Amino acid sequence: MDVVEIVPSRPARASRPRPARHLADLGCADRRAAVAELGQPAYRADQLSRHYFGRLTESADEMTDLPASSRGELISALLPLLLSATRELTCDRGMTRKTLWRAADGSFVESVLMRYPGRVTMCVSSQAGCGMACPFCATGQAGLTRNLSTAEIVAQVFHGARGLARGEIAGGPGRISNVVFMGMGEPLANYTSVLAAVRRLSDPVPDGFGISQRAITISTVGLVPALRRLAAEGLSTRLAVSLHAPDDELRDSLVPVNRRWKVAEVLDAAWGYAAATGRRVSIEYAMIRDINDQAWRAEALARLLAGRLAHVNLIPLNPTPGSKWTASEPEVAATFQRCLADRGIPVTVRDTRGREIDGACGQLAAVARDPAAGRDPAAGRDPAAGRDPAA
Ligand code: SAH
């Protein structure tokens, strides 16, 4: 594993109450209006957008089609630095890169880039912290700091896309093909910013990065009203539901929001999403030893999913520092998987990319906030756990 400490070239401003406005927060018309407010021709908004979303640059020196005299003003008005990369860690032979970001108000968030044969997935955060309080998740234990702005979400993808284009990631220059909202935060609790971010990611250049909506996954604990609203947006994004238990009794404790919206309601909303989009829903299930990995729970899960447009993604639990829980025994996980497969439920096991760099679920930010919260991420985790089973 390599660790790179980064000194930001433009230091983020301290104590800003809200993230500054950025062109990625704005649709096309609003960008033009913002440029016109500066007394500059509106078409400069398109030029600036092309630099950001197409050429992947924020540097005045590279914007040679803009008059040198107005570059500084345009950049400070529409491309303010929102997130500073304070630490980067790579593993999996340079194919996985995790970035710890510090926002202008001092909040920390994380993003992870994972390169696989034929695709590159960017895992992004939608909130600093999370209010959902799932007890097995490092982010959940820290509580919610605030929602990220649209541009703060987009900035994480910008950084990955630029790094890939510049050949900073092992495997040569490339493009981001997939984005998953599986970093810190509950995306549907930050609905408006996340929706606008999906549009920015998927709109073609110069309005956005032109990433296919079908390759963008929104992962949720199951906030039912927001899920129903999402189904009516006319998007083709993929949906992942973090179920983790088929029964309300256990799910009430693993995913506390289940006390408000029960398994049946969450799944009903998920099937509504599948019907509206024609897309198979991914059911996320963290395998926690002796907690949710019993064969009878696999059978109960299979009954819930039978005949539905769904597949199950089993995630070996990545234990958080100090947690009493650990991942299921491999044989137990294999039995659980077989039990689903035998009942005709499509099931996969998620790979464990980035574990040695605290790749999952807010662990790096937890350490940044409070070094006592865990071991120094630079010290690494169990190296064997970071292996890519596909390799
Ligand atoms: N709030 C969203 C997205 C966040 S995390 C959601 O809950 O879906 C993405 C996935 O990682 C979720 O399925 C979450 O439950 C899971 N996760 C969180 N902590 C984990 C851990 N320690 N080990 C394995 N999976 C974890």
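The values are calculated or read from the model by the stated rules, or taken from the named source; none is laboratory data. Small disclaimer: the values here were computed from a predicted structure and weren't measured. Note that each Cβ is placed from the backbone with ideal geometry, even for glycine, and that neighbours are counted across all protein chains shown. Each accessible area value is taken on the protein alone, full model and side chains, heavy atoms only, with ligands, DNA and RNA left out. Shrake-Rupley method; radii C 1.70, N 1.55, O 1.52, S 1.80 Å.
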Report task. Evaluate the Debye formula for region 239-355 with equal point scatterers sitting on the alpha carbons, no solvent, and hand back log10 of I(q)/I(0) at q = 0.09, 0.11, 0.18, 0.22 Å⁻¹, in q order, two decimals. Result -> -0.23, -0.34, -0.92, -1.34
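Go ahead and run the numbers for FRET between A264 and W325, Cβ-Cβ distance against an R0 of 22 Å, rounding to 0.05. Don't jump to the answer; show the numbers that get you there.
Working: r = 26 Å, r/R0 = 1.16.
So, using R0 = 22 Å, E works out to roughly 0.30.
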Report summary line: Cα extents of region 234-305 along the principal axes, largest first, in whole Å, come to 40, 24, 18
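When each pair of different Cα atoms in region 81-240 is counted once in the 1/r mean, what is the Kirkwood radius in angstroms, to one decimal? Show your work: numbers first, answer last.
Working: mean 1/r = 0.0633 Å⁻¹.
Evaluated on region 81-240, it is 15.8 Å.
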Report summary line: Of every Cα-Cα pair in the chain, the percentage lying beyond 36 Å is 22 percent
Query raised in the report: Taking the Cα atoms only, what angle lies between the long axis of helix 191-202 and the longest principal axis of the chain, rounded to 10 degrees?
Result: 70 degrees
Query raised in the report: Taking only C-alpha pairs under 8 Å that are 6+ residues apart, what is the relative contact order of the chain in percent?
Result: 14 percent
Query - the chain - percent of accessible surface contributed by carbon and sulfur, probe 1.4 Å - result: 51 percent
Query raised in the report: Could the peptides 227-236, 166-175 be put in order, highest first, of the mean number of other beta-carbon atoms found within 10 Å of their residues?
Result: 227-236, 166-175
Query raised in the report: So what's the Cα pair-distance distribution over region 75-118, bin width 10 Å, in %?
Result: 26, 38, 26, 10
Requested in this report: Could you provide, to the nearest whole Å², the per residue accessible area of the chain with probe 1.4 Å?
Outcome: 41 Å²
Query raised in the report: Per residue of the chain, what 222 nm ellipticity follows from adding -39500 (n - 2.57) for every DSSP H run with n ≥ 4, rounded to the nearest 500?
Result: -9000 deg cm²/dmol
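Two decimals is fine: what's Rg over Rh for region 44-125, C-alpha atoms, Kirkwood radius as Rh? List each step's numbers first, then the result.
Working: Rg = 15.7 Å, Rh = 14.8 Å.
Expressed as Rg/Rh, it is 1.06.
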Query raised in the report: Quick one: if you stick a label point 7 Å off each Cα along the C-beta vector at A275 and A341, how many nm between them?
Result: 3.2 nm
Report summary line: With N residues in region 159-313, Rg(alpha-carbon) / (2.2 N^0.38 Å) equals 1.14
Query raised in the report: Over its Cα atoms, what ratio of radius of gyration to 2.2 N^0.38 Å does region 14-80 give?
Result: 1.06
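Between V205 and R55, 0.36 nm times their residue separation minus their Cα-Cα distance comes to what?
Values: separation 150, 0.36 × 150 = 54.00 nm, distance 0.95 nm.
53.1 nm is the gain from fully extending V205 to R55.
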**Report entry** Protection proxy ranking, peptides 201-212, 66-77, average beta carbon neighbours within 10 Å, highest first
**Finding:** 201-212, 66-77
Report summary line: Sorted on mean Cβ neighbours within 10 Å (highest first), peptides 314-326, 89-101 come out as 89-101, 314-326
Requested in this report: Consider a paramagnetic label point 7 Å from the Cα of A334 along Cα→Cβ; state which residues of region 284-299 have an amide N under 17 Å from it.
Outcome: 294-295
Query - C-alpha long axis of helix 263-277 to longest principal axis of the chain, angle in ° - result: 50 degrees
Query - Relative contact order [Cα under 8 Å, 6+ residues apart], region 105-230, whole percent - result: 25 percent
Query raised in the report: How far is helix 295-305 tilted off the main Cα axis of the chain, in degrees rounded to 10, range 0 to 90?
Result: 60 degrees
Report task. Return the sequence-ordered ³J(HN,Hα) values of region 38-43 in whole Hz as given by the Karplus equation 6.51 cos²θ - 1.76 cosθ + 1.60 applied to θ = phi - 60°, using x for Gly and Pro. Result -> 7, x, 10, x, 4, 5
